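Novice: First the structure, then my questions, so here it is.
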Amino acid sequence: MQKPFSLRFRAPVLASVAVAAGLATSLLIPRGAAAQDGADALRFLQQLPGITATSNGIAGAGIGGRTDASAFRTNPAGLAWNDKSWFSASLSNQNVSDEAIFNAPGSTTRLEPDVSSTGLASLAYAYKVPTTQGRLVVGAGFNQTSSYDRSLFYDGTNNANSITDFFMPLPGEFELNEDADGVFPTFTRDLSFIAFETFGIDLSPELIDAGETVPFLPAVSAGTVRQLGAVEEDGRMTELSFAGAVEVSKDVMIGVSINIPFGEYDFLREHTEEDFQNDNDGTGGTTDFSSLRFTESFSSDFVGVNARFGLSALVAPGARIGLTIETPTYISVEESFNTVLETTFDNGDHFVYGDGLTETAGSGNFDYSITSPWKIGVGGSFDVSGLTLLADVEWMDWSQLELDADGFSFEQKNQEIRRSLDQVLNARFGAEYRIDKLTLRGGMAVYPDPRDTDSPLANLDDVDRDRTYFSAGLGYAFSSDVSASISWIQGQFDDQFRPYTDVAGAPVVGEEVTTNRVLIGFTFGF
């Protein structure tokens with residue numbers, strides 16, 4: 001491959017200067033931490049509709065006042081309707097299918113991987129305190145509220161651009177310096193520095209002499225490349241709740257819960273490019289590029305706190321109404337991230353950056369916080385002749401989502417959040433029909449996309465990420481104290497992944513995501 005000037009003979013000097021610049025930049029502007037904007041923070045905060053085998057079958061409806069462990073999430077006042085103490089547990093199995101449609105100039109392909117996970121969905125205990133009048137119930141719950149498990153693959157060809165175009169710096173992201181050994185750059189953008197270290201981009205003497213503002217050339221400059229990649233996500237959020245509910249007057253219950261959400265999220269993406277037709281062979285102004293592999297990963301651990309207040313009242317025989325108010329959730333996030341780039345050339349040269357202890361550009365740790373919006377919900381249920389109908393509406397203004405960090409200003413990001421996110425009304429509907437010891441369940445939930453498609457920040461080709469869920473289930477009472485339930489819920493939504501941006505005609509991976517979640521639960525009363 002062509003190696004202009006004496007740049008590569010200056011590698012030790014260049015590395016020490018640019019690593020220092022890159023490290024300083026990564027500490028100030030953590031580019032590798034992908035959850036540090038509003039759209040990505042939504043991933044942490046959007047929740048599953050149902051958390052128990054019972055509530056899952058009715059798509060999570062229950063603000064009117066439920067007596068099972070879902071009350072910790074929907075309305076803590078519902079606990080006061082219990083006539084006895086109980087213990088319950090639910091196990092879940094989730095399968096996520098992600099059909100990926102890779103679109104790039106000259107290529108459209110489809111792949112559909114899926115990923116499964118099994119674990120504890122809910123563990124809860126409620127104690128009915130003996131009282132001379134009225135009702136008092138206290139309890140604690142350990143409930144999974146979110147699942148992040150997904151897997152995406154794409155594979156296609158691109159005859160118009162390469163990720164090496166994305167590695168190119170913009171004016172102001174580098175400086176050219178000169179000493180006795182020649183001209184060399186220093187960078188304030190980590191990815192450009194990493195690409196330069198591995199010959200993903202290189203300085204051009206001709207462009208310098210011509211006075212070009214960005215005198216660099218990408219490693220891929222001709223022909224068609226094969227682009228393939230994978231994105232792996234996994235993790236979950238679980239909520240530990242402590243709640244109490246009391247009957248304040250005849251058939252009027254109020255409740256409160258203190259909730260501690262905690263969990264982890266892991267993200268890994270790998271993008272590979274191959275010069276499979278050898279269009280870049282070192283002739284005609286090209287380099288002898290063969291292939292590259294670009295890997296980004298980050299891992300987040302988080303813990304938070306909020307409070308939930310509820311009211312549930314019997315307003316007519318068989319008819320309950322409920323109201324819940326949830327305070328903003330404050331979540332503290334500890335994040336570590338890493339970037340690795342490998343390049344290979346036809347003459348056997350192989351370069352790697354990011355796998356050494358001293359190669360710290362694009363890698364590091366960053367702590368920040370997320371504050372969610374207020375949440376207000378109203379709901380009701382109506383019971384007649386063994387049939388119960390339920391409906392909930394939940395309001396949130398996602399534009400009030402905020403990010404914060406010590407020593408770093410998120411003011412610009414928070415302004416973007418206020419302009420790009422909107423208010424939503426989540427709706428859940430459910431039905432139960434009891435036939436002796438058997439209970440049949442069904443439900444539907446609609447969670448609108450909080451991204452404001454009318455915002456000037458919205459992409460013209462962005463997708464509508466509304467989430468729609470359909471559920472079914474059944475329960476069986478072995479006795480007045482022992483019951484079991486099984487339920488299934490399916491969710492569907494569209495999504496989009498971009499292997500790289502800010503390049504004309506860059507590939508886009510459209511996603512059609514389908515989730516299937518099955519819960520099995522048991523309740524023991526005493």
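Novice: Between beta-carbons, use under 12 Å as the cut-off and find the net charge around A243, counting Lys and Arg +1, Asp and Glu -1. Don't skip to the answer; put the middle values down first.
Specialist: On the way: positive: R73, R308; negative: E239.
Result for the neighbourhood of A243: +1.
Novice: Please give the net charge around T324, taking every other residue with its beta carbon less than 14 angstrom from that of T324, where Lys and Arg add +1 and Asp and Glu add -1. Write out the running numbers ahead of the final one.
Specialist: On the way: positive: R66, R73, R308, R320, K375, R428; negative: E326, D392, E394.
Around T324, the surrounding residues sum to +3.
Novice: Just to verify a number: FRET efficiency for K250 and L120, C-beta to C-beta distance, R0 = 45 Å, to 0.05?
Specialist: Working: r = 38 Å, r/R0 = 0.84.
Efficiency, rounded to the nearest 0.05: 0.75.
Novice: Extension gain I258-E178, at 0.36 nm per residue separation less the Cα-Cα distance, in nm?
Specialist: Working: separation 80, 0.36 × 80 = 28.80 nm, distance 6.12 nm.
Separation in residues times 0.36 nm, less the Cα-Cα distance, equals 22.7 nm.
Novice: Taking the Cα atoms of region 303-439 alone, what are Rg (to one decimal) and Dmax (as a whole number) in Å?
Specialist: In Å, with Rg to one decimal and Dmax whole: 25.1, 83.
Novice: Would you mind pulling out the separation of the Cα centroids of region 308-357 and region 275-295, in Å?
Specialist: Computed from Cα coordinates, the inter-centre distance equals 37 Å.
Novice: Can you work out ³J(HN,Hα) from phi for every residue in region 47-53, in order, using Karplus 6.51 cos²θ - 1.76 cosθ + 1.60 and θ = phi - 60°, giving whole Hz and x for Gly and Pro?
Specialist: Each residue's phi maps through the Karplus curve to give 10, 6, x, x, 10, 10, 4 Hz.
Novice: Take the Cα coordinates of region 388-526, assign each an equal point scatterer, and use the Debye formula without solvent to give log10 I(q)/I(0) at q = 0.09, 0.11, 0.13 Å⁻¹.
Specialist: For the requested q values the scattering log ratios are -0.47, -0.64, -0.79.
Novice: Lysines near K437 by alpha-carbon distance under 26 Å, same-chain residues fewer than 8 away left out - which ones?
Specialist: Candidates past the 8-residue exclusion: K84, K128.
Novice: Going by how many other beta carbons lie within 10 Å of each one, how would you line up E247, E411, E264, fewest first?
Specialist: Working: E247 19, E411 10, E264 15.
Lowest to highest Cβ neighbour count: E411, E264, E247.
Novice: For every helix of n ≥ 4 consecutive DSSP H residues, a contribution of -39,500 (n - 2.57) applies; sum these over the chain, divide by its total residues, and give [θ] at 222 nm rounded to the nearest 500 deg cm²/dmol.
Specialist: On the way: 8 runs with 63 residues, N = 526.
Calculated from helices alone, the mean residue ellipticity at 222 nm is -3000 deg cm²/dmol.
Novice: Right, next: State to the nearest 20 debye the size of the charge dipole of region 335-469 about its Cα centre, where the only charges are +1 on K and R beta carbons and -1 on D and E beta carbons. Walk me through the intermediate numbers first.
Specialist: On the way: 11 positive and 26 negative charges, 199 e Å.
Using only the charged Cβ atoms, the result is roughly 960 debye.
Novice: Tell me, W81, W86 in order of fewest to most beta-carbon neighbours within 10 Å?
Specialist: Taking fewest neighbouring Cβ atoms as first place, the list is W81, W86.
Novice: Another one. Treating cross-link reach as a plain straight distance, find the lysines whose alpha-carbon is under 26 Å from the alpha-carbon of K375, omitting any fewer than eight places away in the same chain.
Specialist: K413
Novice: Convex hull over the Cα atoms of the chain, averaged projected area in nm²?
Specialist: Numbers: hull surface 106.0 nm².
Dividing the Cα hull surface by four gives the mean projection, 26.5 nm².
Novice: Taking other Cβ within 10 Å of each residue's Cβ, how do S297, S479, S70 sort, fewest first? Don't jump to the answer; show the numbers that get you there.
Specialist: On the way: S297 18, S479 9, S70 28.
In order of increasing Cβ crowding within 10 Å: S479, S297, S70.
Bear in mind these aren't lab numbers, they're just calculated from the coordinates by the rules spelled out. Being a predicted model, the structure only gives us computed values, none of them experimental. When we count neighbours, we look across all protein chains shown, and the Cβ atoms used for this are built from the backbone with ideal geometry, even at glycine.
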